[in-house]
Amino acid sequence: MYYFPQQPPYFLLAVGLFIAVTSGFGLSGTLKVIVQKWGKDSTEKAEPSFDSRQLVVPFLGITFGVSLFLYSGFAIFGFPPSLALAVALPLGLLTCLLVWLQLGSMLSFAKNKGMQALDLDSWS
């Protein structure tokens with residue numbers, strides 16, 4: 001027997017995507033401000049500082065938006081709501097955790113080695 005939702009959560013799908021994209025723009029702006037501060041600090045010969053507390057709120061918004069988007073996507077494609085939540089929540093949280101760890105690693109690498117060390121175009 002197949003499960004067909006009577007009211008697929010299309011609205012939640014759009015809301016989750018909107019939250020994730022707008023939080024992504026906020027994270028992008030915050031990262032640009034941090035990097036610009038590093039540029040100003042390097043001209044003053046001060047050690048660049050990285051404060052991850054500025055990035056937590058936009059990143060939590062991305063995490064919530066992605067998890068909501070995955071949940072509603074699974075629910076639209078026929079998963080029962082409890083199973084959709086049981087799959088989407090760990091998948092979204094694990095993915096965002098791995099991205100957070102990679103972001104922290106890349107920012108500390110850029111802080112120690114400089115932004116020129118991240119120039120991936122010159123490798124090809």
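So in the range 35-77, with the set limited to residues that are of a type in the set (A, V, I, L, M) and surrounded by fewer than 18 Cβ atoms within 10 Å (Cβ to Cβ), which one is modelled with the lowest pLDDT?
Going residue by residue through the range 35-77, those that are of a type in the set (A, V, I, L, M) are 35, 46, 55-57, 60, 62, 66, 68, 70, 75-76.
Restricting the remaining residues to those that are surrounded by fewer than 18 Cβ atoms within 10 Å (Cβ to Cβ) gives 35, 46, 56-57, 60, 76.
Values: 35: 80, 46: 47, 56: 91, 57: 93, 60: 95, 76: 91.
Only one residue fits best here, namely 46.
For the range 5-28, the set of residues classified as without any contact (Cβ under 8 Å) to a residue 12 or more places away in the chain, over 17 Å from residue 106 (Cα atoms) and either within 15 Å of the chain's Cα centre (by Cα) or crowded, with 16+ Cβ neighbours inside 10 Å (or both) consists of 25 only.
The values are calculated or read from the model by the stated rules, or taken from the named source; none is laboratory data. Since this is a predicted model, take the numbers as computed values, not measurements. Quick reminder, even Gly has a Cβ in these numbers, built from the backbone with ideal geometry, and neighbours come from all protein chains shown.
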